[in-house]
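S.K.: Below: one structure in structure tokens.
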Amino acid sequence: MRRSISASLRTSYSYLPKLWDTSYPTYRPLWADTSRKMSGTKRPGDGLGAKAEGERWKRKKTASETEPSFRSTGSHEEVLLQDVKLLLGEPKRSGIAPEQFSQVELSISALGSTGDGLAISHDGTRVYFGRCSGCQFQMLPGDYQLQHKKIVIAKAMQNFSNLDPSSIPPIGEVMPSPLLRGYRTKLTPHFDGPRRGGFKEGAPVPDIGFQLKGRSFVLDIEDCPIGTDSVRNGFKSQRTYVKENLHTFKRGATLLLRETTERTFSPETNGGCESTQTFTDIKTCITNSKALVTEWVGRTKFISPAGSFFQNNNSILEKFTAFVQEQLMIPKLAGRDHAESYLIDAYCGSGLFSICCGHGFKGILGVDISSQSIESARKNATENGIHNARFITGNAEAIFADVDFPPELTSVVIDPPRKGCDELFLSQLLKLGPERLVYISCNVHTMARDIGWLVQQGLGKTYNIDKIGGFDFFPQTHHVEGYAVLSKSS
Ligand SMILES: C[S@@+](CC[C@H](N)C(=O)[O-])C[C@H]1O[C@@H](n2cnc3c(N)ncnc32)[C@H](O)[C@@H]1O
């Protein structure tokens, strides 16, 4: 049975958990040992004096420290465990855990990378705050969220890359989202059903919303302020629909709410210069996963089935894809036309990077496991004037059987799902040896694991990690979109 502890939490901006100390070679909790002076004082039990203290990160890693290597899953539990270990320090504190379901009053010391509030009681206990597992950070100012997310990326590199800190570049600032609320173009609330027999006529309406934090049941959510207006309206209509038609559901269900945009260009500007054309967008909500939705990234139009993957924060995509395009330029070709170079788009979805960043490349090859997404990528490329791109359906590593681009003129953008890349893909990538790698991820822990693994392999030792940072794709939540840019050392 789970231990349930409730903590009192002041949610005003005057009380914010301290951020983790970034001035140290490795990240440590600033608050964990405030009584310790930096000069000459020993930390109880660690046996290290001030001199050794400065060098402690250089010492040989123990088996348990090196454990989260390539096989790490980057799961919530694994990430939380690393934070709790850092918080408690070594040697481990011991003590008696509070009785089950007892209430203890604790001050939250800091936020963990998973968005959990962390507090130390006399026995070193972690606690949760926030009930909905969706957007836990609504009580925190935007700047604080950005600083916290930068530290999340840094701790991910520290805890999951297995790299010496000297080979990790300083973490870049996390780029803010233009919209802090009303940004999410897709929501998937759900409800549970009876174990058997379906909903009977007159049955009580189940909770419809998102998973309760740390539990396997649903928290009723009437409105979700991070959704766009059209998605929020769609949510209200769908809630009403479920209530009125409950007896038609045989079991629980997940509702799809996805924004689509109909753009109309003003007649008087038609035929004029593209960048001066004015337009009006009408946004509505689609609930059928097979229906096609249209999304604009700046002046680029994407059409894909509502149920297929597309980045959820449209407001940041123009800035983000411009950044990725810049990173894909091969440094050795600086100042020269990149029209001689090639692009591989691994995990390409419906072609976001091939299409927004692909102009000017001599050839483009994309791969995705979803045939539906590949079909969209092909159509979207043609519609947007990209005629030198090929897209194949398959596991990401299938691309290597097909590619004949010269490695020294090739850039690869890698944007895997949360679980990261397979070892097979990464080892074949190293065999190809492309000049430039831009790794994008919504799970910075598996990104750290994969980047760390790549640069420690024989063939990977020729790569430098040039940049690491993030974009705030998911304001008000603990999630952050990370990037890592690597290039071949000269
Ligand atoms: C985070 S999405 C990125 C999509 C695209 N780059 C974008 O930004 O719109 C990850 C993509 O990886 C695809 N995917 C998942 N597992 C894969 C695999 N083993 N091989 C190739 N693609 C995979 C999914 O279908 C999804 O489109």
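S.K.: Looking at region 328-337, is at least one residue within 13 Å of the ligand (Cβ to nearest atom), out of contact with any Ser or Thr (no Cβ under 6 Å at 6 or more places or on another chain) and in a loop (DSSP other than H, G, I, E, B)?
M.R.: Looking through region 328-337, none of the residues is within 13 Å of the ligand (Cβ to nearest atom), out of contact with any Ser or Thr (no Cβ under 6 Å at 6 or more places or on another chain) and in a loop (DSSP other than H, G, I, E, B).
S.K.: To continue, here is another question. Contact list please: Cβ distance under 6 Å, first residue in region 162-186 and among the basic types (Lys, Arg), second residue not in a strand (DSSP E or B), pairs at least six apart or on different chains.
M.R.: Final answer for the pair search is Arg181/Pro225; Arg181/Ile226; Arg184/Ile226; Arg184/Asn312; Lys186/Asn312.
S.K.: Moving on to the next point. Name, by its number, the condition in (1) under 30 Å from Asp466 (Cβ atoms); (2) exposed (fewer than 13 other Cβ atoms within 10 Å of the Cβ) that does not hold for Tyr183.
M.R.: (2)
S.K.: Now, a different point. Looking only at region 451-490, count how many residues are in contact with a strand residue (DSSP E or B) (Cβ under 9 Å, 6 or more places away or on another chain) and touching a residue at least 40 places away in the same chain (Cβ under 8 Å).
M.R.: So the answer is 23.
S.K.: Within region 464-485, which residues are surrounded by fewer than 22 Cβ atoms within 10 Å (Cβ to Cβ) and hydroxyl-bearing (Ser, Thr, Tyr)?
M.R.: Passing the criteria: only Thr477.
S.K.: Looking at region 391-413, which of its residues are aliphatic (A, V, I, L, M), away from the ligand (no atom under 13 Å from the Cβ) and in a helix (DSSP H, G or I)?
M.R.: Within region 391-413, Ala401, Leu409 meet the criteria.
S.K.: Next question. Of the residues Ser350, Ser304, Ser289, only one is within 12 Å of the ligand (Cβ to nearest atom) and not in a strand (DSSP E or B); which?
M.R.: Exactly one residue qualifies, and that residue is Ser350.
S.K.: Keeping to region 353-390, report how many residues are assigned to a loop (DSSP other than H, G, I, E, B), free of Cβ contacts under 8 Å to residues at least 60 places away in the same chain and more than 9 Å from the ligand (Cβ to nearest atom).
M.R.: Qualifying residue count, region 353-390: 9.
S.K.: Please enumerate the residues belonging to region 141-192 that are in a loop (DSSP other than H, G, I, E, B) and either of a type in the set (Gly, Ala, Ser) or closer than 23 Å to Leu86 by Cβ (or both).
M.R.: Matches in region 141-192: Ser161, Asn162, Leu163, Asp164, Ile168, Pro169, Pro170, Ser177, Gly182.
S.K.: Yes or no: Ile451 under 20 Å from Val79 (Cα atoms) and away from the ligand (no atom under 13 Å from the Cβ)?
M.R.: Yes.
S.K.: Considering only region 422-433, how many residues are in contact with a helix residue (DSSP H, G or I) (Cβ under 6 Å, 6 or more places away or on another chain) and near the ligand (Cβ under 8 Å from one of its atoms)?
M.R.: Of the residues in region 422-433, 1 are in contact with a helix residue (DSSP H, G or I) (Cβ under 6 Å, 6 or more places away or on another chain) and near the ligand (Cβ under 8 Å from one of its atoms).
Every number here is computed from the coordinates shown, using simple stated rules; none is lab data. It should be emphasised that the depicted structure is a prediction, and the values quoted were computed from it without experimental measurement. Reconstructed Cβ throughout: ideal geometry from the backbone, glycine too, with neighbour counts over all protein chains shown.
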